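Quick notes on the structure that follows.
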Amino acid sequence: MDDARDEFLAGDRPDEVALFVSEADAAGRLAERGIETERGVLLVLPGERGRAAFSAGTGTDAMTFAGQAMSRDGRVALTLDSGECPEDDGEERHAVRFLLAFAEAENPEVGGQYAEGDVIHAYAKCDCGVAYADRWVVGERA
């Protein structure tokens with residue numbers, strides 16, 4: 001599965017989605033099928049199947065969640081299992097509860113980041129309840 005994550009982050013799996021659920025939420029089939037990280041379970045699955053697994057594992061429709069998360073900018077780690085919540089003030093726990101990510105192919109006609117290369121879109125839900133989004137051009141983060 002580490003290979004699957006690496007291939008996903010390289011933009012080599014544009015028809016698949018990555019999803020992460022924290023250790024507290026990881027149970028059943030998701031936990032059995034994914035790669036264990038220090039914080040939970042990560043899976044890379046074909047698009048529709050991945051969105052369905054995300055919805056089943058989180059109780060939240062994948063595309064509705066992505067739409068809600070787009071209104072707040074945050075930062076998602078390249079490991080796809082952690083991030084920086086925009087509400088983190090150091091006073092309470094802030095950790096990614098669940099995450100959904102997908103790759104979008106380079107598209108020079110759209111311009112901006114999309115003209116620079118494939119783009120990873122990542123949407124995270126923090127323990128504090130805040131949903132946030134991040135995106136980056138493949139290969140521009142170390």
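The values are calculated or read from the model by the stated rules, or taken from the named source; none is laboratory data. In this text the structure is predicted, and so the values were computed from the model without any measurement. Every residue, glycine as well, gets a Cβ built from its backbone with ideal geometry; the counts of neighbours run over all protein chains shown.
Of the residues 64, 58, the single one that is hydroxyl-bearing (Ser, Thr, Tyr), over 17 Å from residue 10 (Cβ atoms) and surrounded by fewer than 16 Cβ atoms within 10 Å (Cβ to Cβ) is 64. Checking 72, 97 one by one, the residue that is surrounded by fewer than 19 Cβ atoms within 10 Å (Cβ to Cβ), touching a strand residue (DSSP E or B) at 6+ places or on another chain (Cβ under 9 Å) and modelled with pLDDT of 90 or more is 72 and no other.
Quick one: in segment 1-48, which of the residues that are in a helix (DSSP H, G or I) and modelled with pLDDT under 75 is nearest to residue 76 (Cα to Cα)?
Of all residues in segment 1-48, those in a helix (DSSP H, G or I) come to 2-9, 28-33, 47-48.
If we keep only those that are modelled with pLDDT under 75 as well, we get 2, 28-33.
Working: 2: 17, 28: 25, 29: 25, 30: 21, 31: 21, 32: 24, 33: 22 Å.
Ranking the qualifying residues of segment 1-48, first place goes to 2.
If only residues of segment 74-108 that are in contact with an Asp or Glu (Cβ under 8 Å, 6 or more places away or on another chain) and of a type in the set (Val, Ile, Thr) are counted, the one that is farthest from residue 53 (Cα to Cα) is 76. Entry remark, segment 80-123: residues being at negative phi, assigned to a loop (DSSP other than H, G, I, E, B), out of contact with any Phe, Trp or Tyr (no Cβ under 7 Å at 6 or more places or on another chain) and touching a residue at least 60 places away in the same chain (Cβ under 8 Å) number 3 in total.
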